[in-house]
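To start, the structure under review is shown below, and the notes come after it.
The values are calculated or read from the model by the stated rules, or taken from the named source; none is laboratory data. This one's a predicted model, so the numbers in the text were calculated from it and none came from an experiment. Backbone-built Cβ (ideal geometry, glycine too); neighbour counts: all protein chains shown. Calculation scope for accessible area: heavy atoms of the full protein, side chains included, ligands and nucleic acids excluded. Shrake-Rupley method; radii C 1.70, N 1.55, O 1.52, S 1.80 Å.
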Amino acid sequence: MKVLITGAGGQLGKELIQLFTMWGYKVCSYSRNQLDITNYIEVKKILKRDQPDILINTAAFTKVDLCETEPEQAYLVNAIGAYYLACQAKEIKAKFFHISTDYVFDGEKYEPYTEEDLTRPKTIYGRSKELGEVLALAAYQDTTVIRTSWLYGHEGNNFVNTIKQLASWVKEIRVVSDQYGCPTYTKDIGFALKQLLTKPSGIYHISNYGSCSWFEFANEILKISNAKVRVIPVSSEEYGSKTPRPMYSVLSSGKINSNGIFLREWKESLHEYLVKEEDKDEY
């Protein structure tokens, strides 16, 4: 079977390319420079030529603060691009998987969000991703939307790598302690996505089991890395982000569990990720 992956330059895209190749799939992958998903003519040409059985869209405009100042680009990539891909997936009869985010929720529920909960995004990033979900699902019935959160992987910028880098040259790190979510390893997203290939289409929440604050997440990263750095807890208000983040964005695992899909506890996945990174650095 042939898989086409967009967003090949991102951390999730790179992980999926590696995994699906390892599993014996024929993989076609395109970075932002190779395929502009906001150009329907280009999307149609490439998908018609490659004829994948499975289309996975990891391409996204994810810089939350920049989305606020560049809303047109955010909506083009996160909404219109998703719609174009869904339309062309329908044309060639490929299963379509679209990666979305916890930012489609307002973060005010304070218990795990299910797939049935109403979306109430507070940011341009969240609203553009919400519209992408709506358009893709309306365009093609064989669309699966995967919402995930606090993603980290071996390639690209993420919270884990940032904390590790800071720990190498500072003695104290200020980290937000009143925002809660589910750290999620890109490798585990890949394994869950593979199992979803045989499940009904729709919306699924995929994140590692359990939850924590950014402060607790940072402490666990430093503990596993044996880094002697002091982590100072601060409130969201004290930290002063330009754009508000969800205060609580824990995603429920109920639906994927009922479909026989179980992800590891977040600390277990984080330990594997950090140990493998250290092993790789020794070569």
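Go through the stretch 29-81 and tell me which helices (runs of 4 or more DSSP H), entirely inside it, have 1 or more residues that are more than 24 Å from Asn158 (Cα to Cα) and of a type in the set (Asp, Glu). Spell out how you get there, then give the answer.
Details: elements: 40-50, 64-69, 71-75.
Result: 40-50, 71-75.
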Counting only residues that are under 20 Å from Tyr140 (Cα atoms) and free of Cβ contacts under 8 Å to residues at least 60 places away in the same chain, the stretch 101-118 contains a total of 2
Looking at (1) in contact (Cβ under 8 Å) with a residue 60 or more places away in the chain; (2) over 30 Å from His98 (Cβ atoms), which is the only condition Arg245 fails?
(2)
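Residue by residue through the stretch 217-263, note down the ones that are assigned to a loop (DSSP other than H, G, I, E, B), within 22 Å of Tyr110 (Cα to Cα), open to solvent by 20 Å² or more (accessible area, probe 1.4 Å) and of a type outside the set (Gly, Ala, Ser).
Filtering the stretch 217-263 down to residues assigned to a loop (DSSP other than H, G, I, E, B) leaves 226-229, 235, 240-247, 249-250, 252-253, 259-263.
Subset that is within 22 Å of Tyr110 (Cα to Cα): 235, 240-241, 243-247, 249-250, 252-253, 263.
Cutting the leftovers down to open to solvent by 20 Å² or more (accessible area, probe 1.4 Å) gives us 235, 240-241, 244-245, 247, 252-253, 263.
The answer is Pro244, Arg245, Met247, Leu263.
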Filter the stretch 1-57 for residues that are in contact with a Phe, Trp or Tyr (Cβ under 6 Å, 6 or more places away or on another chain) and of a type outside the set (A, V, I, L, M); which is nearest to Gly190 (Cα to Cα)?
Thr6
I'd like the full set of residues that are open to solvent by 40 Å² or more (accessible area, probe 1.4 Å) and either assigned to a loop (DSSP other than H, G, I, E, B) or aromatic (Phe, Trp, Tyr) (or both), limited to the stretch 124-141.
Gln141
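Test of understanding: among Pro183, Pro121, which residue is surrounded by fewer than 23 Cβ atoms within 10 Å (Cβ to Cβ) and touching a helix residue (DSSP H, G or I) at 6+ places or on another chain (Cβ under 6 Å)? Full working, then the answer.
Values: Pro183 fails: surrounded by fewer than 23 Cβ atoms within 10 Å (Cβ to Cβ).
Result of the check over Pro183, Pro121: Pro121.
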Filter result (closer than 18 Å to Thr144 by Cα and either of a type in the set (D, E, K, R) or buried (at least 22 other Cβ atoms within 10 Å of the Cβ) (or both)) within the stretch 106-115
Tyr113, Glu115
Looking only at the stretch 15-62, count how many residues are closer than 24 Å to Lys129 by Cα, touching a helix residue (DSSP H, G or I) at 6+ places or on another chain (Cβ under 8 Å) and either among the aliphatic types (A, V, I, L, M) or open to solvent by 70 Å² or more (accessible area, probe 1.4 Å) (or both).
12
Does Tyr103 satisfy the criteria of being aromatic (Phe, Trp, Tyr), open to solvent by less than 70 Å² (accessible area, probe 1.4 Å) and either assigned to a helix (DSSP H, G or I) or touching a Ser or Thr at 6+ places or on another chain (Cβ under 8 Å) (or both)?
yes
Just checking, which of Gly260, Gly240, Gly210, Gly254 is at positive phi and out of contact with any helix residue (DSSP H, G or I) (no Cβ under 8 Å at 6 or more places or on another chain)?
Gly240
Unmet criterion (only one of (1) of a type in the set (Ser, Thr, Tyr); (2) surrounded by fewer than 24 Cβ atoms within 10 Å (Cβ to Cβ); (3) under 24 Å from Val250 (Cα atoms); (4) at pLDDT 95 or above) for Tyr75
(3)
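Is it the case that some residue within the stretch 144-154 is closer than 15 Å to Ile56 by Cβ, open to solvent by less than 30 Å² (accessible area, probe 1.4 Å) and over 13 Å from the mean Cα position of the chain (by Cα)?
Taking the stretch 144-154 first, the residues closer than 15 Å to Ile56 by Cβ are 144-148, 151, 153.
Still in the list and also open to solvent by less than 30 Å² (accessible area, probe 1.4 Å): 144-148, 153.
Applying the additional criterion that residues be over 13 Å from the mean Cα position of the chain (by Cα) yields 144.
Checking the stretch 144-154: at least one residue is closer than 15 Å to Ile56 by Cβ, open to solvent by less than 30 Å² (accessible area, probe 1.4 Å) and over 13 Å from the mean Cα position of the chain (by Cα).
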Hey, could you check the stretch 155-171 for residues that are farther than 15 Å from Gly7 by Cβ and of a type in the set (S, T, N, Q) and say which is least open to solvent (accessible area, probe 1.4 Å)?
Asn161
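Among the listed residues Ser177, Ser211, Ser207, Ser201, identify the single one that is in contact (Cβ under 8 Å) with a residue 12 or more places away in the chain, open to solvent by 30 Å² or more (accessible area, probe 1.4 Å) and under 30 Å from Ala94 (Cα atoms). Step through it out loud before you land on a result.
Working: Ser177 fails: under 30 Å from Ala94 (Cα atoms); Ser211 fails: under 30 Å from Ala94 (Cα atoms); Ser207 fails: open to solvent by 30 Å² or more (accessible area, probe 1.4 Å).
Being in contact (Cβ under 8 Å) with a residue 12 or more places away in the chain, open to solvent by 30 Å² or more (accessible area, probe 1.4 Å) and under 30 Å from Ala94 (Cα atoms) holds for just one of Ser177, Ser211, Ser207, Ser201, which is Ser201.
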Please identify the pairs in which a residue from the stretch 216-232 that is within 14 Å of Glu268 (Cα to Cα) and in contact (Cβ under 8 Å) with a residue 24 or more places away in the chain has its Cβ atom under 8 Å from the Cβ atom of a residue that is of a type in the set (Phe, Trp, Tyr) and crowded, with 18+ Cβ neighbours inside 10 Å, counting only partners at least 6 apart or on another chain.
Phe217/Trp150
